[in-house]
1. Using modelled amide H (1.01 Å from N, peptide plane; none on Pro or chain starts), what sits under 5 Å from the amide H of Ile6, excluding residues fewer than 5 places away?
2. For segment 11-52, what does the alpha-carbon gyration tensor say about shape, rounded, prolate or oblate, given a ≥ b ≥ c as the root eigenvalues, a/c under 1.5 as rounded, and a/b over b/c as prolate?
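Since every read-out is calculated from the coordinates, none of them should be taken as a lab result. Not measured: the values here are computed from a predicted model.
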Amino acid sequence: MQPDWIRVDCRELSKERTATVSNQLQQQFDEAAWHAPSIVCFDNLDRLCPAEMEVGLHRLLACFLTALAP
């Protein structure tokens, strides 16, 4: 079985409010889980969270990845 590819364009997300970004990421991860096995590709991730906010990015991604664990 080939994995589904889900592309998240962080350049577009960077224009949104934090709550909107969180909801959209949750939807993408839900879709990935539904179509497992899946690969989620974060394109332009640096646009979503600049270097000075890197700790926040790690925390956000850790929450989503933890939520995916069975």
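1. So Ile6 has HN proximity to Ile39, Val40, Cys41.
2. Taking the square roots of the gyration eigenvalues as a ≥ b ≥ c, segment 11-52 is oblate.
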